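**Q** Okay, here's the structure, questions in a sec.
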Amino acid sequence: MTCASVLHFTERGIFCPAGEFYIDPWRPVDRALITHAHADHARWGHRHYLATHGTVPVMRHRLGDITAEAISYGEKRKIGDATVSFHPAGHVPGSAQIRVEVGGEVWVVSGDYKLGPDGLCEEFAPVRCHSFISECTFGLPVFRWQPQPLVAQQILDWWQANADEGRFSLLGAYSLGKAQRLLHMLRDGPGPILTHGAVENVNEVLRAQGLPLPDTIRVTPDLDVKGHKGALVIAPPSAFGSSWARRFGQASTGFASGWMQLRGVRRRRAMDRGFVVSDHADWPELHRAITETGAENIYVTHGYTDIFARHLNEAGFNAQVVPTEFGTDEDEAEDAA
Amino acid sequence: MKRFAALFTQLDQTTKTLRKTKILRAYFESAPDSDKLWAAALFSGRRPKRAVNTTRLREWAAEQADIPLWLFEDTYAIVGDLAETIALVLPPPNRADDHSLTDMIARLRSLSALDESERKPVILDLWDGLDQTERMVFNKLLTGGFRIGVSQKLMTRALAQAVGRDEAEIAHRLMGDWTPDSTTWHALIEAEDASADLSRPYPFALAYQLDDPPDSLGSLDDWQAEWKWDGIRGQLILREGQHFTWSRGEELMTDRFPELARATDFLPPGTVLDGEIVAWDGTAPLPFNDLQKRIGRKTVPKKLLKEAPVILLAYDLLEHQGQDMRDQPLAQRRATLDALLAALPEDAPVRASPLIHANSWDDLAAIRAKARDHRSEGLMLKHRESPYFVGRKKGDWWKWKLDPLTIDAVMIYAQAGHGRRANLFTDFTFAVRDGNALVPFTKAYSGLTDAEFRQITQWVRKNTTERFGPVRQVTPHHVFEIAFEGIQRSPRHKSGVALRFPRMARWRQDLSISDADTLDHLHDLLDRYG
Ligand SMILES: [Zn+2]
Ligand SMILES: [Zn+2]
């Protein structure tokens, strides 16, 4: 059995010939297994989708009328000659790694992931395999995240200082995943939390599934903003600088992303504050996750793949770069994650 | 170090000038005098000398971080800032030291007395007592690359507010070749005789770019027009028989331009001139290229003195008979200047930069169109009533430059930027057509919006045909309008030309590569403007 027999890298995406399905394909296919609902992984136009119970409702909200089936974490499903199962990836609520077994050979596609609990999404679970397809968005030794409570405190201090001056705190975050994680981190803050419609729509979908999110106030055209001076406002960064943001007057602006670790990127964003909050694994986490799979063959996608693969090869892995079209939207987009 | 690192963090956390001023002012009101003096020195570009070879620093940091050196180097190439890269890869500290800024600088300066092998344990030990931001600031001091988003003007304003003095006075006091070793806070900022320093220059007045049509400035009678020279802005100080030459960057360049010493033969002491230093062929400036040969050299070989002698084309008089002239209207300063220079012989190293007379804005525009024939970049327009102000003041002085030269070129290589643009492709190589071949002729880095850089980055990722280390060859497809200020013959380049200040003026999505300009066209431009 050759290594490439379980999964192939094709023009449409990662393909399993034994089960005739694709994982996170970027061109329309008959059967797609989806790791999570971010736009670069869950694309429009497939005939049939399979994803976790947490992912399917968000996908429906974003992609509209699709044929989708939901699966539980750990549940084994036979597709053709392949056996597949979904395992928590800790990236955003509902996100999964996908395990594919064919004739005793096991491959795992990580999707996007981070280690450690964030208090909201299902915690990453290492899955033993022979070959591991791993993201490495932040695969450089300068990316090391601080513990979540420390970062939460930095954001709370900023919010408090702005509230003391009667100013709004406008915090940029992507609407699926990052926004909800921040809501959870900042639930005991010094005032109410307002949300942009794009964020609140996702909140509603997740609340309907029983995710414990704190109360929020949706910003609508007729909301009396002045009555909430000193509030925190969570919005996608695209809303900044638009007429939407103008209602908050001289607000202090912040942005939450792993890229905020780099001073240069922070300054390019031209926001008052950059907070290092990422839903991707940092440098030590990538190494830990890869080691814990026990895999010999590592395929890397997203980010500084050349550098990361070379480093893995020197560390004794058999690592290769796989060209994908991930990382072109939302959370990993250039300067976003 | 904690107070200074906190200052750095606070300044970094706001983009608003008012807030930055407030933060700096608070620092100048509370820090010890010796730290304030060092802060003023650092913010005005007076950095301590590099104490350690950066190659060693990289090795030590990689070793501490337990990563191979190539990985450190690749990471540094992406982060773009050595001090920051080191601070981010080092393992967390074991102690939390707090030395003053002055003490920290004293420690790093004492390193130069040690052998290289003795320096390593000292630095590792210092790193081990600093947090991430403190390490970055310390590394910046260590590598002599201390730069931060604070202009000298902003620092001057904050300092003036903190000590309750006039901003212009503080600006003047901060000029010159002082260092924290040569003076004290009291002598520099507070003492009454501080301006006695012979060599001290005046802060330069700067002009804004004129974007509106010139007739928006009102009557031409109110304005004085001069050529805008492509040289080095300089201030020539003649006091008590000595002379000093300062660049706009506040660098003392007296020794680089020995020709100007003869000015003391012709002009009385107590004279300060503002003008442009240009290489001179006896009747007109030589191309900037010739002057460039002079800039890099602290001492000038005889041959070069002959090939590219410099003169000062003076356009303003800041001090006359020892009196500060800056409050007088320009017309009056200019009249005095002309009288002063009228009697100078042909071979004097100072000449008046000629005034340009025209009857109407249209006439003036026609003269400006011929600026390149005079080796000039366009015109300067200065209000006749304007005082010589400190820094930039909107409405008094304008640069009315010629439109740049342009050429439509094909993008063929791309490279990721660093620092602010670490995760975008921003550095491109452009080619012109030569038959079926594409001949690279210039690189360009700037001119696009962030949104455009993001868009082109996506495209580069999908259209890479080959990789050479960090450089990617891409499918020839996109045409950009490249704007530049000058063109010169260059045997070092395959195309035979070198451009001055090339940048991307526009992304010509409307053009295909068959519309791009040719090598012949590029050589035409060289013949006409080179
Ligand atoms: Zn994702
Ligand atoms: Zn992704």
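The values are calculated or read from the model by the stated rules, or taken from the named source; none is laboratory data. Computed from a predicted model, the values in this text were never measured in an experiment. Note that we place each Cβ from the backbone using ideal geometry, even for glycine, and neighbour counts take in every protein chain shown. Side chains included, ligands, DNA and RNA excluded: accessible areas come from the protein's heavy atoms. Shrake-Rupley method; radii C 1.70, N 1.55, O 1.52, S 1.80 Å.
**Q** So if I place +1 on the C-beta of Lys and Arg and -1 on the C-beta of Asp and Glu, and nothing else carries charge, what would the dipole magnitude of the protein assembly as shown be about its Cα centre? I want it in debye, nearest 20. If you can, show how the numbers build up before the last one.
**A** Details: 104 positive and 116 negative charges, 70 e Å.
Its charge dipole is roughly 340 debye.
**Q** Amide H of residue A:300 versus every other amide H placed in the peptide plane: which residues, excluding those fewer than 5 positions away on the same chain, fall under 5 Å?
**A** A:134, A:320, A:321, A:322
**Q** Take every residue in peptide A:141-151, count the Cβ atoms of other chains within 10 Å of its Cβ, and give the average of those counts.
**A** Working: counts 12, 13, 3, 5, 0, 1, 0, 0, 0, 0, 0.
The mean count of partner-chain Cβ atoms within 10 Å per residue comes to 3.
**Q** To the nearest 10 Å², what's residue B:246's accessible area with a 1.4 Å probe?
**A** Ignoring ligands and nucleic acids, residue B:246 comes out at about 0 Å².
**Q** Assuming a viscosity of 0.890 mPa s and a temperature of 25 °C, what translational diffusion coefficient in µm² per second does Stokes-Einstein assign to the range B:205-401, Rh being the Kirkwood radius over Cα pairs?
**A** Numbers: Rh = 17.3 Å.
In µm²/s, the coefficient rounds to 142.
**Q** Follow-up question, since we're still on this one. Under 20 Å from a label point 7 Å along Cα→Cβ of residue B:240: give me every residue in the range B:160-192 with its amide N that close.
**A** B:172-179, B:182-184, B:187-192
**Q** Let me ask something else. Could you work out how far the C-alpha centroid of the range A:43-103 sits from that of the range B:284-353, in angstrom?
**A** 76
**Q** Same structure again: Where both residues lie in the range B:205-401, what percent of DSSP beta bridges are antiparallel, nearest 5?
**A** Percent antiparallel among DSSP bridges in the range B:205-401 is about 85.
**Q** Sticking with this structure for a sec: Can you pull out the trypsin sites (Lys or Arg not before Pro) in the range B:1-94 that DSSP calls coil and that have at most 10 other Cβ atoms within 10 Å?
**A** Numbers: sites: B:2, B:3, B:16, B:19, B:20, B:22, B:25, B:36, B:46, B:49, B:50, B:56, B:58; in loops: B:16, B:46, B:49, B:50.
Those satisfying the criteria are B:49.
**Q** For B:172, A:53, what's the largest-to-smallest order of accessible area, 1.4 Å probe?
**A** Numbers: B:172 35, A:53 105 Å².
Final ranking, largest accessible area leading: A:53, B:172.
**Q** Extending each Cα 7 Å along its Cβ direction at residue A:128 and residue B:389, get the distance between those two points in nm, one decimal.
**A** 7.6
**Q** Label residue B:112 and residue B:304 with points 7 Å out from Cα along Cα→Cβ: what is the distance between them in nm?
**A** Reported label-point gap for residue B:112 and residue B:304 is 2.3 nm.
**Q** Report, for chain A, the % of DSSP beta bridges that are antiparallel, rounded to 5. Working shown, then result.
**A** Values: 19 of 58 bridges.
Counting DSSP beta bridges with both partners in chain A, the antiparallel share is about 35 percent.
**Q** OK, next. Quick one: of B:16/B:228; B:306/B:401; B:228/B:382; B:393/B:443; B:20/B:399, which pairs are farther than 22 Å apart, Cα to Cα? Can you show the working numbers first?
**A** On the way: B:16/B:228 32 Å; B:306/B:401 31 Å; B:228/B:382 11 Å; B:393/B:443 34 Å; B:20/B:399 29 Å.
In this structure, B:16/B:228; B:306/B:401; B:393/B:443; B:20/B:399 exceed 22 Å between Cα atoms.
**Q** Name the residue from B:149, B:133, B:237 whose Cα lies farthest towards the positive end of the charge dipole of the protein assembly as shown, charges +1 on Cβ of Lys and Arg and -1 on Cβ of Asp and Glu.
**A** My answer, from the dipole projection, is B:237.
**Q** Once you have the Cα-Cα distance between residue B:254 and residue B:209, take 0.36 nm times their residue separation minus that, and quote the gain in nm to one decimal. Before the final figure, lay out each step's value.
**A** On the way: separation 45, 0.36 × 45 = 16.20 nm, distance 2.93 nm.
Going from the current span to full extension adds 13.3 nm.
**Q** Magnitude of the Cβ-charge dipole of the range A:123-251, K/R +1 and D/E -1, about the Cα centre, nearest 20 debye?
**A** Details: 12 positive and 11 negative charges, 38 e Å.
Magnitude of the dipole: close to 180 debye.
**Q** Once you have a ≥ b ≥ c as the square roots of the Cα gyration tensor eigenvalues for the protein assembly as shown, tell me rounded if a/c is under 1.5, and otherwise prolate or oblate according to whether a/b is larger than b/c.
**A** On the way: a/c = 2.03, a/b = 1.72, b/c = 1.18.
Judged from the Cα gyration tensor, the protein assembly as shown comes out prolate (a/c at least 1.5, a/b above b/c).
**Q** Averaged over A:257-270, how many beta carbons belonging to a partner chain fall within 10 Å of each residue's beta carbon? It would help to have the intermediate numbers written out before the result.
**A** Details: counts 0, 0, 2, 0, 4, 12, 13, 12, 8, 3, 5, 9, 3, 3.
Across the residues of A:257-270, the mean count of other-chain Cβ atoms within 10 Å is 5.
**Q** Label residue A:215 and residue B:66 with points 7 Å out from Cα along Cα→Cβ: what is the distance between them in nm?
**A** 4.8
**Q** Hey, another quick one. Normalise the Debye intensity by I(0) for the range A:220-288, one equal point scatterer per Cα, no solvent, then take log10 at q = 0.12, 0.15, 0.21, 0.23 Å⁻¹ and round to two decimals.
**A** At q = 0.12, 0.15, 0.21, 0.23 Å⁻¹ the computed log10 ratios are -0.43, -0.61, -0.95, -1.06.
**Q** Right, something else. Can you give me the C-alpha center-to-center distance between the range A:120-146 and the range B:76-106, rounded to a whole angstrom?
**A** Using only Cα atoms to place each centre, the spacing works out to 28 Å.
**Q** Now for a different question. What residues of the range A:170-206 lie in the reach of a label at residue A:238, counting those whose backbone N is under 18 Å from a point 7 Å from the Cα along Cα→Cβ?
**A** Hits in the range A:170-206 for residue A:238 at 18 Å: A:171-180, A:195-203.
**Q** For residue B:339 and residue B:289, FRET efficiency with R0 = 41 Å and r from the beta-carbon atoms, rounded to 0.05?
**A** Working: r = 35 Å, r/R0 = 0.85.
Efficiency at R0 = 41 Å is approximately 0.75.
**Q** For the range A:26-42, what does the Karplus curve 6.51 cos²θ - 1.76 cosθ + 1.60, with θ = phi - 60°, yield as ³J(HN,Hα) per residue in whole Hz, taken in order and with x for Gly and Pro?
**A** 9, 10, x, 9, 6, 10, 10, 9, 10, 6, 6, 8, 4, 4, 7, 10, 9
**Q** While we're looking at this one, here's another question. Taking θ as phi - 60°, what are the ³J(HN,Hα) couplings along the range B:342-351 by the Karplus curve (6.51, -1.76, 1.60), each to the nearest whole Hz, with x for Gly and Pro?
**A** Result, ordered by residue: 4, 7, 6, x, 3, 8, 5, x, 10, 9 Hz.
**Q** To the nearest 20 debye, what is the magnitude of the charge dipole of chain A about its Cα centre, counting +1 on the Cβ of each Lys and Arg and -1 on the Cβ of each Asp and Glu? Can you show the working numbers first?
**A** Working: 32 positive and 40 negative charges, 138 e Å.
Roughly 660 debye for chain A.
**Q** So what does residue B:112 come to for accessible area, using a 1.4 Å probe and Å² rounded to 10?
**A** Ignoring ligands and nucleic acids, residue B:112 comes out at about 80 Å².
**Q** Report the gain in length on full extension from residue B:265 to residue B:446: 0.36 nm times residue separation, minus Cα-Cα distance, nm rounded to one decimal.
**A** Values: separation 181, 0.36 × 181 = 65.16 nm, distance 4.60 nm.
Roughly 60.6 nm would be gained on extension.
**Q** Among the lysines, which fall within straight-line cross-link reach of residue B:302, defined as a Cα-Cα distance under 19 Å, with same-chain neighbours fewer than 8 residues apart omitted?
**A** Leaving aside lysines fewer than 8 places away in the same chain, those within reach of residue B:302 are B:293.
**Q** Which length gain, in nm to one decimal place, applies between residue B:49 and residue B:436 when the Cα-Cα distance is subtracted from 0.36 nm times their residue separation? Walk me through the numbers before you get to the answer.
**A** Working: separation 387, 0.36 × 387 = 139.32 nm, distance 5.18 nm.
In short, 134.1 nm is gained.
**Q** OK, next. Rank these by accessible area, largest first, 1.4 Å probe: B:522, B:438.
**A** B:438, B:522
**Q** Name the long-range amide H neighbours of residue A:218: under 5 Å, sequence gap of 5 or more, or other chain; modelled H, no Pro or chain starts.
**A** Counting only residues 5 or more places away or on other chains, the set is A:195.
**Q** Moving on to the next point. How much accessible surface does residue B:389 have with a 1.4 Å probe, in Å² rounded to 10?
**A** So the heavy atoms of residue B:389 present about 20 Å² to solvent.
**Q** Follow-up. Name the long-range amide H neighbours of residue B:427: under 5 Å, sequence gap of 5 or more, or other chain; modelled H, no Pro or chain starts.
**A** Amide H to amide H, under 5 Å and 5 or more residues apart or across chains, residue B:427 pairs with B:415, B:417.
**Q** Let me check something: with ligands and nucleic acids excluded, how do B:76, A:304 order by accessible area (1.4 Å probe), largest to smallest?
**A** Details: B:76 60, A:304 40 Å².
Final ranking, largest accessible area leading: B:76, A:304.
**Q** When the Karplus curve 6.51 cos²θ - 1.76 cosθ + 1.60 is applied with θ = phi - 60°, which whole-Hz ³J(HN,Hα) does each residue of the range B:253-259 get, with x for Gly and Pro?
**A** For the range B:253-259, the Karplus curve yields 10, 3, 6, 6, 10, x, 4 Hz.
**Q** Measuring from a point 7 Å past the Cα of residue A:5 along Cα-to-C-beta, which residues in the range A:118-135 have an amide N at less than 18 Å?
**A** A:129-132, by backbone N distance to the label point.
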